[in-house]
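Derivation of every value follows stated rules applied to the coordinates shown; laboratory data play no part. Source: prediction; values computed, not measured. Every residue, glycine among them, receives a Cβ derived from its backbone with ideal geometry; neighbour counts consider all protein chains shown.
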Amino acid sequence: MSDKLADWTTGAEAIVYQACAACGNLQYFRRSFCCACGAPDPAEKAASGEGTVYATSLVCRAATPETRAHVPYNIVLVDTAEGFRMMAHGDNDLAIGDKVTARFAPFAGRLVPYFEKAK
């Protein structure tokens with residue numbers, strides 16, 4: 001995986017997923033193999049940042065001292081336009097089925113994907 005794309009896990013404002021050339025599986029969070037068929041080195045692709053809210057959970061109690069300043073905050077599962085599902089932060093008023101777009105926001109000292117209603 002020498003052709004790694006920069007993404008939010010390295011401080012860049014991007015969401016990267018992988019696509020398997022052997023079976024077509026899409027996966028989020030990098031692995032050196034396809035989690036569906038085991039083929040090596042799935043290709044990395046940049047996501048558009050668009051999707052639909054699958055689930056939402058408002059967090060009202062801080063898990064750590066670093067997250068206390070953010071309470072309440074929303075954790076969402078988003079079905080992306082590309083076809084994979086990811087967990088991220090989002091506006092507190094998001095509901096299941098809302099069309100959303102990603103931006104990036106600071107959270108507990110890191111830059112993280114943050115979804116808001118699509119305009």
Given labels modelled 7 Å from the Cα in the Cβ direction, how far is it in nm from Val59 to Cys37?
3.6 nm
Taking Cβ-Cβ under 4.7 Å as the only way to count a partner, pick out the unpartnered cysteines of the chain.
Cys35, Cys60
Between the modelled labels at Ala46 and Thr10 (7 Å from Cα along Cα→Cβ) the distance in nm is 1.3 nm
How big is Rg to Rh over the range 62-104, alpha-carbon atoms, Rh as the Kirkwood inverse-mean-distance radius?
1.02
Cα centre as origin, Lys/Arg/Asp/Glu Cβ charges: the range 8-69 dipole, Debye:
220 debye
Listed values (i) 27, 16, 12; (ii) 26, 23, 12; (iii) 24, 18, 14, entry calculated as semi-axes √(5λ) of the Cα gyration tensor in Å
(i)
Placing unit charges on C-beta atoms (Lys and Arg positive, Asp and Glu negative, everything else neutral), compute the dipole magnitude of the chain about its Cα centre in debye, rounded to 20.
220 debye
Net lengthening on full extension, Tyr28/Arg110 (0.36 nm per residue, minus Cα-Cα):
27.6 nm
So, in Å, what gap is there between the alpha-carbon centers of the range 97-117 and the range 17-50?
22 Å
